Structures are given as C-alpha cells and as structure tokens.
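Note sheet for the following structure.
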Amino acid sequence: MTAVAPGRQHRLSHASLVAGLAVAPAVVLLALLLFGPALAVAVFSLTDWQIGASSFRFLGLANYQALFADRIFWTSLVNTVIYVVIVVPGTVGLGLVVALLIEAQPSLRGFYRAAHFLPVMSTMAAMAIVWGTMLHPTIGLVNRMLAEFGIPATNWLRDPRTVLPALAVIGIWQGFGFAMVLFVAGLKSVPQSLYDAAAIDGADRALDRLRVVTLPMLGPVTMFVLILTATRAFEVFDTVRVLTQGGPNFASDVLLYRLYTESFDFLRTGYGAALTVVYLVIVVLLTLTQARVLDRRVHYT
Amino acid sequence: MRDLVRNIRVLRWRVLARHGALALTTLFALIPFVWMLSLSVKPPEEIFQPEFHLWPQKFNGLENYSVALTAAPMHLFLINGLFVCATIFLLQLLVCVPCAYALAKLRFRGRDTLFAAVLVGLLVPPQALAIPHFVLLHVFGLLDTYAALILPWIISTFGIFLMRQFFRAVPDELIDAARLDGLGEFEIIWRVMIPVAVPAIAAFGIFSVVAHWNDLFWPLIAIRSEELSTPALGILLFRDDEAGQFLGPLMAGATIIVAPLVVAFLFAQQRFIDGISFTART
C-alpha cells in the first residue's frame, strides 16, 4: 500500500506535467493574442487614448455616445444591413438552385462543381479590381452588353443608387459556389428510402419529389447556410476598400470599413475601439444563432 | 409506345434545360476570369475600342506581363505570400496539435475550462482584435516586418477545435499500444497522431493558406513597405502605382496574383472543397 501510493502519485504528476507542457504554448498565446486583446479593446473604448500617446483619460461611455450620435456610423450600419439583405437571399437561392441542378443528373458534375467553386478561393482584392473594370462606365463588359439591348450606360460604382447593389452582386458571385457545395453535401445525406416512399405515395414527378422530400429535408442545412452567409456578408471589406472607399458620399460605407478608417487612418483609437465592440457584439450574436441552429441539426439527424 | 416517346422527349428536354441553366450560372462564375485573361493580353487601344473581341487582334501579352513583373515586385508578393502562409501554418500546427491532443486524450486539471475558452475564442472575429494587435506590435517595434504579418495568427482556436475533434475519434488502443512500446506522449503526438491526422491537417492547411493568401484587411494595417506585401495587398499597391493605370498590365498582375491558388485548386479540387467547407461542418 505505502509502496503503491507514491508511485501512482508520481505517475499522475508526470501525466499532468506532460499535459501542462502540451497545452502551455496554446494557453500563453490564447491569453496574449486573443483574450488579452479582446479585454484591451473594451478598455480602450472607455478612454481617449490614441496610438502612440503616452497618457490617457477615462471617458466612461463618451466614445459610445459619440458613436451613436454619428450620422456616418448609422449610414454605414444601414448600408451593411442593406448589403446583407441583398447578398444573403441571392447567395443562398442561387447556391440552392445550382446544387439541385448539378445533383439532378451525373453528366459534367465535376466540371460544374469546380467552375462554380473557383470564385470562392480566388483573391478578392485582385478579382475586385477585375470587377471594377467590368463595371467601368464606357469600356466595361456590363455596359457594353447592356448597350446591345439599347440600355443606356450607368456608372455603377459612382452612382449612390447602384453602388451597393453592384457590390452585392460581387459578393453573391464570390459566395454562391460555397453555398452550393454545402447544399450538395446536404443533398447527399437525404436517404434514398424517402424518395422511394414518396414514389409509392404517388409523388413521381420531379417537382413533387422536390417539394415533398428534398426541400423539407434541406431545411436545417438551409438555415445554417443562411446564417453562415449572413456572417460573411457582415464582414464585407475588400471590395469596398478596393473599389469605392465607402463612396460616393458614404453610399457604400460599411461597418468594417468604418472600423478600419477610424482606427488606422484617423487614429481615433478609443472611438475605433467602441466601434469594434459594437461590431463584435453583432458578429457574436450572429455566430451564437448559428451554433444554436447547428446544435438542432445534430439532434434532428 | 406513345408514352415511351413522350418520356424520352421529356427526358431529353430535362437534360437540355439542366445544361442550359448551368451554362448561365457557370458563365456568371467564370466571366471575370475570362475578362481578366482577355484584357491581360490586349494592347491599350484594343481595350478602349468600341467593339469587343475575346482574343486580341494584336497579341500584347508578353509586353503586359513583363510590365507587371518589372514595374512592381510581383515575384516578391508571391514569395512573401508563400513564406508568410507557410510559416503561419507551421507555427499553428506546432501550437495546436499538442494542445488538441491533450484536450482529446489526456486528463488534467482545467481541461474543461481550456476547452470552453477555445469555444469562446471561436466566436471572436479576427478583425475585432486589429487595434490591440497593432498596439502590441507597435510596442515591440515589429510593425512593418514579417513578424507583424505572422504573429497575430499563430494561435488558431479553429485549428485546436478541428484537431481535437479529429483526435477524439482515434481509438485509445492505438495510443495504449504506443505507450506499451515505450513511446513518450510527445513521441506519440508527432509519430503516431500526426500520420493518422493527415486528412484533417490537409484540410486545415488549405483553409489557413487560402485565408491568409487572400487576406487584405490585416496586411493593409500591419505593412507599409511594398517589398513586404502579401499578394492581396501587393495587387492593390500595383493598381495605385503609375504602371497600374494601364489596364493590360494591371490585369496581367491580377492574373499572376490569382493564378497560384487557382492552379493548386485545379490539381486538388476535392481537398480544397473539403478544406474550405470544413469551417462549416465542424
């Protein structure tokens, strides 16, 4: 008994030493690069500190008051919501239709899948420049094609009425292949037996099968793709920075672009930090909804 | 008989409709790439003339691409992209894998707390940490260096979470057998678990490399010098440069920036699709 106990204790402490060594780098870096900074943003947002300044004062909620009184902030928030409201249905709808079409028959499946996925992993900064030339008022492809139908030229990215929809089309272009891939995975998990059962019940037309079996079974995946797309659309930045810088006259200013300019162009650290906290709260709420939906999906299947 | 003929007709119509509709969406997906390639081999006067030809009447590709390669350090953008992405990924692995193994297979005090912290970390969008990361790098005098591009990313809660889920599925018998063979825990991590986890590591690697190759937000903040730019920032600097005012060289530059990932994707499509949609499935 006395001989065993120290041995076990020794082995135990050895095991926890090994575990401690294994997690130590991650724990230190989590504190230093993630939780520490997250806390720091919250603290900055309560001060008038500027990057490089040697002193600062606590302002309480003054930065937040300034933020909520700032018309440009509200413009950028509304613009972001409008952008999300266009991009989400466009991306999810197009992704679903393409997934259904691709899976309907086997021919050229691989080609279609690869072709639609190509925009997902291409460098957005470079492709935004390409889109900029396609939307150019005189030499751009879009106006050239519209001219064929006698439609007059539009300066898509300089007109406050068209700039957000134009950016949204680029957003849909980049994201719908991703939605498609997720839907295809969802379609593959619909059991064949359900289609057989539906056929026995007389649903032998393709549209009936779609309505009775496929779409209801895709419900959870659809919810999930919706929220994922919304989160990504909320983070829109590259196209705005490359193509419009928030213009004309703030018509395409969005949250993340405001965050970037206030914090790093104007160096208003405290104000930028308050904006960051608001942004963080929105994204976390969206992601938590996503986690909840995902949880439900796991329980259903 | 008449039914059969009708069925065949319906079937043929359906095949045609499917290809017709998919041709349209494929065109939407690919047209920017086609437009980019077409302009990248055209002389300026052809880009601005009223009628449009997909293939130029006078091939100007060599001039455009050589302007793109000489007016901006395009090769440096690519090398920086490769170096930064590879270093980030290797350091992420070095930090994530032991931690994920401990979370999945070892018992120790604070394990649940640590895992909860990882889950909370998953919620934080990286852009929200830009200000403190900037300050931290400023304090240590590391802004506008490779370190500024790499350091903020070496801890990946997503990587820890992904690898931990994968390691949990590895049977304990495999680890016990390795322990009986006298292997230490760290030998088990690097010599037993890593080989088993190749699919998960590949998926995480593709996810990580694609994300950081394409990232514009952070390099824009952390980097001032053109010669330290990663691909996404590099093409932006090139556009705002004098030579980038000419569309032919600009499109050639965009092609050079986009090409490496596109070519890699065409060679390993399934791995890429798995890797990028992994975010969604975990």
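What follows draws every value from the coordinates through simple rules; no lab data is involved. From a predicted model like this one, the values you see are computed outputs, not experimental measurements. Cβ atoms come from the backbone with ideal geometry, glycine included; neighbour counts cover every protein chain shown.
Miscellaneous remarks
- Summed side-chain charge close to B:PHE134 - residues other than B:PHE134 whose Cβ falls under 14 Å, Lys, Arg +1, Asp, Glu -1: -1
- Peptide B:215-227 has a mean of 3 when you count, residue by residue, the C-beta atoms of other protein chains within 10 Å of its C-beta.
- Alpha-carbon gyration tensor eigenvalues x 5, square-rooted, for the protein assembly as shown, Å: 41, 35, 24
- Shown for A:GLU103, B:GLU63, B:GLU45: other C-beta atoms within 10 Å of each C-beta, ranked fewest to most, produce the order B:GLU45, B:GLU63, A:GLU103.
- Neighbour net charge for B:ALA197 - beta-carbon separation under 13 angstrom, K R +1, D E -1: +4
- Neighbour-count order for B:ASP274, B:ASP181, B:ASP215, fewest beta carbons within 10 angstrom listed first: B:ASP181, B:ASP274, B:ASP215
- Peptide A:266-273 - average C-beta neighbours from other chains (10 Å radius): 1
- Distance histogram for region B:232-272 (every C-alpha pair counted, 5 angstrom bins, percent rounded to whole numbers): 6, 24, 24, 15, 12, 10, 7, 2, 0
- Value of Rg to Rh for region B:59-145, rounded to two decimals, is 1.19; Kirkwood radius and Rg both from alpha-carbon coordinates.
- In order through region B:148-156: 3J(HN,Hα) via Karplus (6.51 cos²θ - 1.76 cosθ + 1.60), integer Hz, x for Gly, Pro: 5, 6, 9, 3, x, 9, 6, 9, 10
- Ranked by how many other Cβ atoms sit within 10 Å of their own Cβ, fewest first, the residues B:PHE267, B:PHE140 fall in the order B:PHE267, B:PHE140.
- For chain B: relative contact order, % (alpha-carbon pairs under 8 angstrom, 6 or more apart): 30 percent
- Debye intensity ratio I(q)/I(0), log10, region A:64-168, q values 0.12, 0.13, 0.21 Å⁻¹ (C-alpha model): -0.64, -0.73, -1.19
- Average beta carbon contacts from partner chains per residue of B:101-108, 10 Å cutoff: 5
- Cα centroid separation, region A:240-272 to region B:59-132: 25 Å.
- Residue-normalised convex hull volume from the C-alpha trace of chain A: 245 Å³ per residue.
- Centre-to-centre, using Cα atoms only, region A:127-142 and region A:98-119 are separated by 27 Å.
- Percent RCO, i.e. relative contact order, over region B:2-62, from Cα pairs under 8 Å lying at least 6 residues apart: 26 percent
- Dividing the Cα radius of gyration of region B:2-62 by 2.2 N^0.38 Å, with N the residue count, gives 1.87.
- Computed over chain B, the percent of Cα pairs more than 34 Å apart is 41.
- Residue separation of A:ALA199 and A:SER16 scaled by 0.36 nm, minus their Cα-Cα distance, works out to 60.0 nm of gained length.
- Among A:GLN245, A:GLN174, A:GLN105, the largest mean-square fluctuation in a Gaussian network model of chain A (Cα springs under 10 Å) belongs to A:GLN105.
- Contact order normalised by residue count of chain A, Cα under 8 Å, 6+ apart, percent: 27 percent
- By the helix-only formula, in which each DSSP H run with n ≥ 4 contributes -39500 (n - 2.57) and the sum is divided by residues, the protein assembly as shown has a 222 nm mean residue ellipticity of -22500 deg cm²/dmol.
- Close amide H pairs (under 5 Å, H built 1.01 Å from N) link A:THR47 with A:LEU59, residues at least 5 positions away or on another chain.
- The mean of 1/r over all pairs of different alpha-carbon atoms in region B:186-258, once inverted, gives a Kirkwood hydrodynamic radius of 14.7 Å.
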